[in-house]
Structure formats: structure tokens, C-alpha cells
Amino acid sequence: MRARDDSGQALILAIGGAFVLLAGALALVAIAGAVTGKGRAQRAADLAAISAARSMRDDLGRLLAPPTLPDGLPNPAHIEKAVYLARARRAAIEIGVANGVDSGRLRVRFLDRDSFAPVQVKAVVTATVEAGPAPSRIETSAVAEAAAPVGGTGGAPTTASGGGYSGPLLYRDGEGMRPDVAEAFDRMAVAARADGIELVVVSGFRSDAEQAELFAAHPDPTWVAPPGQSLHRCATELDLGSEAAYGWLAANASRFGFVQRYAWEAWHYGLTTGPPPCSAAGNSLASPGGKLAAATTTLPSFVPQRYREPLLRSGARWNVSPALLAAQLMAESGFDPNAGSPAGAQGIAQFMPGTAAAYGLDNPFDPVAAIEAQAHLMSDLLRQFGSPELALAAYNAGPGAVEPCNCIPDYPETRAYISRILALLDGAGAWAVPSFEVRLVA
């Protein structure tokens, strides 16, 4: 029997200016060369909780929107809490059924349903599995929770720590991974989407310290890899979902440099085309001085070389997709650091003087400083509005134009601006702005 090395998820979302959503789950189980019923049930619970949490993330703005417009008419953007919870429950059940769970065996509870804006969900899957040397059928359950700590703030760490890999982390679906792994996953996700498959990163980097916590809670090496043995510590491993993607991955993952690590773990793939896992070469993807030279391929090809490192560095610091920032700069100024507009916007990121001052940008024509301020502003807007489209609208038209309806204002310039950025990122695999962090909880 082989050790299982998987993690649950924790989501960082926006509520007001400080909304953090963490989703976590227990370890999955793989025994005697086949995925057990418990392992499949756990994975279904993980994905059900994640789906409900994502639904709440997407609908939170509508829940918080005012019920009526200034003229007293009903606000079409608003939804009641009952609808908000029903949509999240339906999302959880749909993904559970898609992963082979009878809807009668999936229970979904909202732990803070009495609050004004519930953000905590618990998914429990009950399954019957074979166990023991003389197989007998037993009932077991798998649990996954998504919870928002009150007043939580912050972002995903930009550098791995806690043992194992110690280089820069990039995020896909909120999961940390080595920069070259993220770039390979981007290309694979685009190809999968073209075939009608949505890849979800369920688990990525997990440090030795995190593995030690998990093993202390479940000290059975047939269920959980002991500290120092899990390949997830190397930031090269991805556990992928949903189950509907397994066949596609088996047929196509190798085209993108990924190999299925164990025959009985249909979800576990590791990158083999870069430096070996947990190697000095892997850690040195961040060269002396903190330059992310090896990660420049995570940006679209239209980005000038001189701006690649500042974009990667600022995007990592503020937990904003560097590719999104790059597409903004292309739309704002075409990467011209001396650009100006009749309205008074200045520099590569087209800051208005008041906004520049608010973000400590003394010289909007300094492109490196402007990119740093741009990433900071976009991080704030993403937390405030909860979606990249609304954040872009607020960047272009101002937050005051977005807040009243929590929608993209009907300004032709703003709509064209967002459309151009979407077009620039189409097929780049980079439109997924890191909006949640995934980590294991016991």
C-alpha cells in the first residue's frame, strides 16, 4: 500500500475589503492499487464544498447589493439569502452527482446560515466501502468544509516555506506551485477547455511542516505520507479534478510534460520537463537577487522583456495574475512609459494624479513603480468587488461607477476596455486571477 499525499482547499475571497474564504478537506485514500470508496467519497466532498464556496463567491456581490434602486424599483442585481444559499447547495449537489455520488448521500450545511452574509459550508458524503483482509462492507463518511474567518485578510504567500521547495510560488485555482509548473498547467488547461474539459487544481504545494501536522493527526503511512516523503513538498505535483477529467488527463497530460505518478491515483500528476522535484535547480528558478528569470514564460508573448520581471514580482507580491496586469498595460498604454491622455492619466499604467498619490506613486512615468502601484490597486479592487471583470471596470471608470449596481457600467469605453483585455488573454490560460488560497486543514 502506498502513502496518499493530497490536500483539501481553502479559498480567499472578497467581502467588503477583507473577505477570506478557506476551504479544507481530509486526505484522500488510495489502497492496494485502486482508489477506494472512501477516497472517491472524500474527493467528491472536496469538490462539492469547493463548488458551493465558488457559488457563494460569485453571488456574494448580488447578495450584498441593495434590494431596491434609488427610484424605489426592485434591483435586478440583488438576490435574497434563500436564493444565494439554494444556488450554492445546487452547485455542490451537481458536482457531487457528476462525481458519482447519489444526491441522497450528500449533505450540505451552511454553518453560518443565520448571519447576514453566510460564507461557511460543510459537505458530507456517506459511502459504503470494502475494508479488511476479508472484505466486508462498511459505512464511512468524508467531510470537507469551506469557512471564512471573521475579519480575515491577507493573500497567498509568494515564496514557499516550511521545508521542501523554497522558491517562488505562483497560483492556479489558488494552489501554489513552481513557476514552470504553472506555465505548463496553463497550456494544458487551455487544451482541455477546447475539448470541453475544465481542469480544477485540488492540491499543489504542501510543505514538510504542513505534512507533519497532517501526519500527526492521521499517523498511518498507508493513508498519509510521512513528513519529508510527499512529492507535494516539491511544488511540482498537482492533484487535478474533476473525475470527468481523468480520462482526458491520461490521454493528454504527457503532451504538456506531466506524468501520472501512481497508476492508482488518477488525479495525481507531476511535471517532469523542468528541474527534478526538490532539487537545487528547482529552487534556483529564483536567481540571486530574487529575479524570476525562469518564470518569464508565464506571461503572454506580447510583454516586452524589460517589463517581465517587474510584472512577475509585483503580481506575486499582491497576489494578482501577472498576465492580467500585462494585458491591462497593453490596453492602457501599449507599454509606453511616457503615455498621457487628454483626461490627465499618466504613464504606463495611466494613473490619474489623485489615485497615484493615494498609492504612493510619486512618479507615474517610472514604469517599475507604476506597475507596483497598479498591482496594489488591482489587489484592492479584486478584494472589494470579488471578480476580475468588476475590478477592471473600477480601474477604468472608478469604483464609484461600479458600486451602485455592482455591475459593469454602461460606458462604451469601459466595456471596450474589458473586452480588449479579455481578448488579449483569450487562450493564454491566465484569466484565472488568484482569488483563493488552498491549504490542508486537519
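Quick notes
- C-alpha center-to-center spacing [the range 311-361, the range 221-266] in angstrom: 38
- Charged-residue dipole, Cβ positions (Lys, Arg, Asp, Glu), the range 299-425 about Cα centre, Debye nearest 20: 300
- Of every Cα-Cα pair in the range 170-283, the percent that sits beyond 16 Å: 58
- This ranking places D195, D186, D46 by how few other beta-carbon atoms lie within 10 Å of each, fewest first, which gives D195, D186, D46.
Readers should treat all values here as calculations from the given coordinates under stated rules, not as data from a laboratory. These numbers come from a predicted model, not from an experiment. Methodologically, a virtual Cβ is constructed for each residue, glycine included, from the backbone with ideal geometry; neighbour enumeration extends over all protein chains shown.
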